[in-house]
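What follows draws every value from the coordinates through simple rules; no lab data is involved. As the structure is a computational prediction, the values presented were derived from the model and not from experiment. Because the Cβ atoms are built from the backbone with ideal geometry, glycine has one as well, and the counts that use them run over all protein chains shown.
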Amino acid sequence: MSHFRPNHRNTRHPKLFNFKGLGLWHAACIFLFLKGCYFWLPIEEDHPNAPPVIEYSSPEPENIFRIDTPAGSVAWVSVFDPDQGDVMEYMWTINGLGPQGTAQAFMSGNYQGSSIQLPLDPLYNGRVLTCTVFDPSGASDRRSWTIEVEEGS
Amino acid sequence: MIALLLVGMFGCASMDESLKMGSDYAPGGAELDTEGNQLRIDIIPGEATPFLDPQSWLVEDGDDLGDLNIDILPSVPVSGQLVGYSATPYGAEVPGADETPVDGLVSMFRIGTIAGASASTDINGRFSLQVPPSTGYQLSAIPTDGRTLPFYVEVNSNVTEQTDLGVIDLGYGSPIYGRVTSDGVEGVQGASIRLIDDETGLQGSEILSDENGHFIARGHPGEYTLAVSGVTGRSIPTIRTPLTVLEDQGTEVNVEVGSLNTASVYGQVFGEGLSTPQRDVRIRFSSDQLAESEGTLVIETETDGDGVFNRSLLPGRWLAEFIPPYESDLAPAGMTFTIDDNQSMLDLSDIALPERVTFSSYAIDPSGNPVSGVAVNARELGYDEFIRSTTTDSDGWFELKLAPHPMAFMLVPPGVDFAVTHALIDPVSDKGSVAMSRGEIIEGRITSRGIGVPFALLEVRDSDGLLYATSLSDSDGYFSVRVEGF
């Protein structure tokens, strides 16, 4: 649709530096050569990964996820990760049915999260819905709810 | 927890504030406008406010979208007793009795919203359910046995406080009877029959035709549609017949479903290159035009461990959708085929599912600068509408493995500089970036009796339920989100 701009950027990294054909690394090497330092190990700071934390959710932890309206019901989690910029992955599963494909991610201020809408279907009754969130380092947090479908709704 | 503490500390003040809302205060916002394109905000409170249930706020024409005051309330109990006529009441010396307790389901739903609840009746026909105070509820009472009792529906019920509905008497109703036949004469056993109220779309409980194809249902006077369809394992096309039920008069409806002679349709599903059989692939057959019936039919099956499927279908034109599990690297595919009259078998041969393709792009602002931290959701069009999600990095870049079909993208920015942006993108042929739109800001505060509702999920939708934006209220209940024009 109108928001898609064809052929805008086709490279992975936007060009940040350009001076008469010199790239950023050229300039850095010339600078180090002039300063008499040929090789300098980069300083690496030790930042241990902090795992993501599911801070809020609906339903509450260990509560029942009740589906009793014609539109189905929505479950959601919001996640806080102290490591700014970490991209979260969410996996919603239902025991016996495997991963669910209709969850969508959202962002809101310092929080990011995921929500899923399950339809009113007796198939889900008594099963357990679990949301697991992973950060890029594989650290995770999860919440589970037993699903209750009002039969005949 | 904070909200509970505040409620405890300022309970009296908040009650005062609630009373100050005056007589024009309408819980749930405006009334549903089915004609216009009305904005709806669904609120799904979280664990910070366990006393609040999911509910919707309908925006009134003229409301200031930059300063919405959404006050939601804890649910209140609605109770009553469901009774009706019973031909064989328990313990009666003379058969037939009015106002006997009924086994059934009572529901209250605010039409066009997510608010509502259902409850089954107990042995005495009593029920109790909890719904958020609001206007425009639809109350329905559906007996478990639709052969002997009619269902009841009432629209535009308002709930503002704890309510005892008293006794809901289903009465006796008028009979709707007939026979389901195939090939003009043969009775069809086990067909599913449902009575649908035309005004509300409410369905009665399922009734099955007997061994001769006969059925009986009961209904109050009004306009209905009788829907006949198959049950699991029966290829019976869905046929809808309009009817009018009159006071104290029976209505005869006979339904002819055409020939039920089926053909065996089979094949095997593989990955790309036909090398690996695929198990647990969901196959959905949808009739386009049945040869001997005006009805429609949708039948689902799955492939076995060898990727093989086999299903009996009626003659006609069909669409088949092959949908691999969500976690598979393969994408769904579709095909059409025709089963001729008198054909007993059809080999769909080997079906190869394409692999998902890697699609990468950038989220950029209108000036072309990258936008980081954008939640990207790509939803398949059709099939099971699977959604693949990721987040843009500091360069605004993202990558997803998608089905090689056009996808509906929704990009959710982290702040309020940009709107939740929608785009239709073909991951195979489209190369470029997605420009975030500025959109229109919607902000305000969610409160309950004047106290902010913290950390509640908000979904901004239109009348058709199309999702425009998702956000989370802050610690004081304030929210701010931008949406594209609707």
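Placing +1 at every Lys and Arg Cβ and -1 at every Asp and Glu Cβ, with all other atoms neutral, what dipole size does segment A:53-149 have around its Cα centre, in debye to the nearest 20?
Working: 4 positive and 12 negative charges, 65 e Å.
The dipole magnitude comes to about 320 debye.
Rounded if a/c is under 1.5, else prolate if a/b beats b/c, else oblate: with a ≥ b ≥ c from the C-alpha gyration tensor eigenvalues square-rooted, which is the protein assembly as shown?
Working: a/c = 2.44, a/b = 1.37, b/c = 1.79.
Oblate shape, in that a/c is at least 1.5 and b/c is the bigger or equal ratio.
What is the spin-label model distance, in nm, from A:Arg142 to B:Arg438 if the labels are put 7 Å beyond Cα along the C-beta direction?
Going from the A:Arg142 label point to the B:Arg438 one covers 4.6 nm.
Given a Förster distance of 60 angstrom, what is the FRET efficiency for B:His214 paired with B:Asp280, based on the Cβ-Cβ distance and rounded to 0.05?
Efficiency, rounded to the nearest 0.05: 0.90.
As an exercise, use a Förster radius of 35 Å and the Cβ-Cβ distance of A:Val128 and B:Phe51 to find the FRET efficiency, rounded to the nearest 0.05.
0.90
What shape does chain B take by its C-alpha gyration tensor, where a ≥ b ≥ c are the square roots of the eigenvalues and a/c under 1.5 counts as rounded, a/b above b/c as prolate, and the rest as oblate? All intermediate terms of the calculation are to be shown ahead of the outcome.
On the way: a/c = 2.50, a/b = 1.07, b/c = 2.32.
Taking the square roots of the gyration eigenvalues as a ≥ b ≥ c, chain B is oblate.
As I understand it, the dipole of chain B uses +1 on the Cβ of Lys and Arg and -1 on the Cβ of Asp and Glu, about the Cα centre. Which of B:Thr100, B:Thr390, B:Leu202 lies farthest toward its positive end?
Of the candidates, B:Thr390 comes out farthest on the positive side.
Find the relative contact order for segment A:53-149 and round it to a whole percent, using C-alpha pairs within less than 8 Å whose residues are 6+ positions apart.
Reported relative contact order: 37 percent.
Based on the alpha-carbon gyration tensor of segment B:239-283 and its eigenvalue square roots a ≥ b ≥ c, which shape applies: rounded if a/c is under 1.5, prolate if not and a/b is larger than b/c, or oblate?
Prolate shape, in that a/c is at least 1.5 and a/b is the bigger ratio.
Could you work out the relative contact order of chain B, using alpha carbon pairs under 8 angstrom and six or more residues apart, expressed as a whole percent?
13
For chain B, what is the charge dipole size about the Cα centre, in debye to the nearest 20, if Lys and Arg each add +1 at the Cβ and Asp and Glu each add -1 at the Cβ?
Values: 25 positive and 73 negative charges, 132 e Å.
Dipole of chain B, to the nearest 20 debye: 640 debye.
Please work out the FRET efficiency for the pair B:Gln203 and B:Val167, using the Cβ-Cβ distance as r and a Förster radius of 25 Å; give the result to the nearest 0.05.
That pair, B:Gln203 with B:Val167, gives E of 0.60.
Check each of the GluC sites (Glu not before Pro) in segment B:35-72 and keep only those in coil by DSSP with at most 10 other C-beta atoms within 10 angstrom; list them in order.
Working: sites: B:Glu35, B:Glu47, B:Glu60; in loops: B:Glu35, B:Glu47, B:Glu60.
Those satisfying the criteria are B:Glu35.
Going 7 Å from the Cα of B:Ile196 in the Cα-to-Cβ direction, what parts of segment B:213-249 have a backbone nitrogen less than 12 Å from that spot?
In segment B:213-249, the label zone of B:Ile196 (backbone N under 12 Å from the point 7 Å along Cα→Cβ) covers B:224-229, B:238-243.
Per residue of B:49-55, count partner chain C-beta atoms within 10 Å of its C-beta, then hand back the mean as an integer.
That average works out to 2.
What ranking, highest mean first, results for peptides B:75-85, B:204-214 when packing means the other Cβ atoms within 10 Å averaged over each residue? Don't skip to the answer; put the middle values down first.
Values: B:75-85: 20.4, B:204-214: 17.1.
Top to bottom by mean Cβ count within 10 Å: B:75-85, B:204-214.
Find out how many positive minus negative residues lie around B:Gln189, taking Lys and Arg as positive, Asp and Glu as negative, among other residues whose Cβ is under 12 Å from that of B:Gln189.
Overall, the nearby charge balance is -1.
Using a cut-off of 14 Å between beta-carbons, work out the net charge of the residues near A:Arg142 (Lys and Arg +1, Asp and Glu -1, A:Arg142 not included). Don't skip to the answer; put the middle values down first.
Values: positive: A:Arg143; negative: A:Glu55, A:Glu62, A:Glu89, A:Asp135, A:Asp141.
Here the count lands on -4.
Could I have the simple spin-label model distance between A:Asn110 and B:Glu327, label points 7 Å from Cα toward Cβ, reported in nm to one decimal?
Each label point lies 7 Å from its Cα, and together they span 3.4 nm.
Using a simple charge model, +1 on the beta-carbon of Lys and Arg, -1 on the beta-carbon of Asp and Glu, nothing else, what dipole does the protein assembly as shown show about its Cα centre, in debye to the nearest 20? Kindly include the intermediate steps, with their values, before the conclusion.
On the way: 35 positive and 90 negative charges, 416 e Å.
For this selection, approximately 2000 debye.
Answer with one residue from B:Tyr172, B:Thr336, B:Phe359: the one whose Cα lies farthest towards the positive end of the charge dipole of the protein assembly as shown, charges on Cβ with Lys, Arg +1 and Asp, Glu -1.
Highest projection toward the positive end goes to B:Phe359.
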